[in-house]
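Peer 1: Once you've had a glance at the structure underneath, I'll fire off some questions.
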């Protein structure tokens, strides 16, 4: 039943199934449901959880989820939440000229908790190479990889070290599919 006070959210979880940790998607759904969220679904087994909750501050939801996951799983899981409308906007946003996008091997979207300040944005831009380019928009950054990602020296760890904050990456195809299905 539709509840006008409920908002559709998508949680992007960092490193939920890496480093020897394996979380079954049923367990992840149950953890989100235990927090009182409705219509919980996972989208591919890479830490994308769609749910509905009373409209509120995303920072509070992020902390609530991070605390639950840490207590239940025994390790930290950084969480980045966007509304369905925000994910739709991210999917529609064009961070680079179309010719560059068409020629690139990959476009990844990095999710952050907050917008980057000027020094952090400059640090990200200092990572640009002939292979890699970056663009910042809101609480996301876009990483264009002109060749195979295995040819690049960039990774989420490199980016986090440069920025001094946590982030998580998703391929543009994943974001487009999420937006098409849920937004």
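Peer 1: What list do you get for 25, 60, 105 if you sort them by fewest beta carbons within 10 Å?
Peer 2: 60, 105, 25
Peer 1: Still on this structure: Translational D (Stokes-Einstein, µm²/s) of the stretch 1-94 at 20 °C and 1.002 mPa s when Rh comes from the Kirkwood sum over C-alpha pairs?
Peer 2: Value of D from the Cα-based Kirkwood radius: 158 µm²/s.
Peer 1: Continuing with this model, one more query. Once the Cα atoms of helix 25-34 and of the chain are each reduced to a long axis, what angle between those two axes, in degrees from 0 to 90 to the nearest 10, is obtained?
Peer 2: 60 degrees
Peer 1: Could you work out [θ]222 nm for the chain from helices alone, using -39500 (n - 2.57) per DSSP H run of at least four and dividing by all its residues? Round to the nearest 500 deg cm²/dmol.
Peer 2: Using -39500 (n - 2.57) per qualifying helix, the result is -11000 deg cm²/dmol.
Peer 1: Averaged over all directions, how much area does the convex hull of the C-alpha atoms of the stretch 90-182 cover when projected, in nm²?
Peer 2: 5.9 nm²
Peer 1: Further, regarding this structure: What FRET efficiency would be calculated for the residue pair residue 18, residue 177, taking the C-beta separation as r and a Förster radius of 22 Å, to the nearest 0.05? Before the final figure, lay out each step's value.
Peer 2: Working: r = 21 Å, r/R0 = 0.96.
Efficiency at R0 = 22 Å is approximately 0.55.
Peer 1: Oh, and also: So what's the gap between the Cα centers of the stretch 52-100 and the stretch 112-183, to the nearest angstrom?
Peer 2: Spelled out, the Cα-based centre of one part sits 15 Å from the other.
Peer 1: Relative contact order (percent) for the chain, with alpha-carbon contacts under 8 angstrom and 6 or more residues of separation?
Peer 2: Values: 278 pairs, mean separation 42.1, N = 183.
Once normalised by length, the contact order is 23 percent.
Peer 1: Follow-up. Using a 7 Å offset from the Cα along the Cα-to-Cβ direction at both residue 114 and residue 5, what is the distance between the two label points in nm, to one decimal?
Peer 2: The modelled label-to-label distance comes out at 3.0 nm.
Peer 1: Please give the contour-minus-distance gain from residue 55 to residue 148: 0.36 nm per residue of separation, less the Cα-Cα distance, rounded to one decimal in nm. Don't skip to the answer; put the middle values down first.
Peer 2: Working: separation 93, 0.36 × 93 = 33.48 nm, distance 4.00 nm.
Full extension from residue 55 to residue 148 adds 29.5 nm.
Peer 1: If you don't mind, there's one more thing I want to ask. So how far apart, in nm, are the two label points at residue 71 and residue 158 if each is 7 Å from Cα heading toward Cβ?
Peer 2: 3.9 nm
Values quoted throughout were computed directly from the atomic coordinates according to the rules given, and no laboratory measurement underlies them. These numbers were taken from a predicted model, which means no experiment stands behind them. All Cβ positions, glycine included, derive from the backbone under ideal geometry; neighbour counts span all protein chains shown.
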